[in-house]
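Quick note: the coordinates plus some simple rules give every number you see, no bench work behind them. It should be emphasised that the depicted structure is a prediction, and the values quoted were computed from it without experimental measurement. Cβ coordinates were reconstructed from backbone atoms using ideal geometry, including for glycine residues, and neighbour counts include every protein chain displayed.
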Amino acid sequence: MQGKSLQDVYKSYCAGKPEMESKQFSKLIKDCKLTDKKFTLNDIDIVFAKVKSGKVKTITFPEFQNAIAEIAKRKGTTKEAIEGKIAGHGGATYSGTKADYVKFHDDKSTYTGVYAKGGPTTVDAGRGGMVSDISQTCNRQAADVRGVLKK
């Protein structure tokens, strides 16, 4: 064991609540690598449903201990062996997905155009630089139906 008791591991998966939900129980079993040919992913839900009391959707620590006994029975091993494996795991581990490096997105030296030089701003309007309004870009002179300017 890594110095953690079974109850410490149970609490680490409960996310600060006094009882454990099915999703958390399933994560604990998967993280501890307790599934095999004798104890499958479907068996996790079956054991959880068997040990929970009534219509509640959570299990308490004593019910969790009953679940460990049921897992041991299904796997054909001792309850102490399963408890040792769970306590040896140490607690909940969470990992996210790390994004891959994409050259043309992450390397700013490869940026071109507006992304590299910046686009138009409203700050420079009237100084001969940038445009702040569409009226500064439109030619409002009289034109015929085809858009040809009248002279």
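Taken about its Cα centre, the stretch 6-89 carries a charge dipole of roughly 240 debye when the Cβ of each Lys and Arg holds +1 and the Cβ of each Asp and Glu holds -1.
Positive contributions from Lys and Arg (+1) and negative ones from Asp and Glu (-1), summed over other residues with Cβ under 12 Å from the Cβ of residue 29, come out at +2. The alpha carbons of the chain stretch over 99, 38, 31 Å along the principal axes, in descending order. Take 66-73, 91-98, 12-19, 42-49 and order them by the average number of nearby Cβ atoms within 10 Å per residue, most first; the result is 66-73, 42-49, 12-19, 91-98. Using C-alpha pairs under 8 Å with a sequence gap of at least 6, the mean separation divided by the residue count of the stretch 19-82 gives a relative contact order of 33 percent. Look at the alpha carbon pairs under 8 Å that are at least 6 residues apart: their mean separation over the length of the chain gives a relative contact order of 22 percent. Taken about its Cα centre, the chain carries a charge dipole of roughly 340 debye when the Cβ of each Lys and Arg holds +1 and the Cβ of each Asp and Glu holds -1. So for the pair residue 61, residue 150, with labels modelled 7 Å out along Cα→Cβ, what separation do we get in nm? Each label point lies 7 Å from its Cα, and together they span 9.2 nm. Neighbours of residue 94, meaning other residues whose beta-carbon lies under 12 angstrom from its beta-carbon, give a summed charge of 0 when Lys and Arg score +1 and Asp and Glu score -1. Ordering 65, 49, 32 by the projection of their Cα atoms onto the charge dipole of the stretch 6-89, which places +1 on the Cβ of Lys and Arg and -1 on the Cβ of Asp and Glu, puts 49 at the extreme positive end. A simple spin-label model places the labels of residue 139 and residue 53 8.6 nm from each other, with each point 7 Å out along Cα-to-Cβ. Could you tell me whether the stretch 6-89 comes out rounded, prolate or oblate from its Cα gyration tensor? Rule is a ≥ b ≥ c as square roots of the eigenvalues, rounded for a/c under 1.5, then prolate if a/b exceeds b/c, otherwise oblate. Oblate shape, in that a/c is at least 1.5 and b/c is the bigger or equal ratio. Applying 1/(1 + (r/R0)^6) with R0 = 35 Å to the Cβ-Cβ distance of residue 5 and residue 97 gives a FRET efficiency near 0.65.
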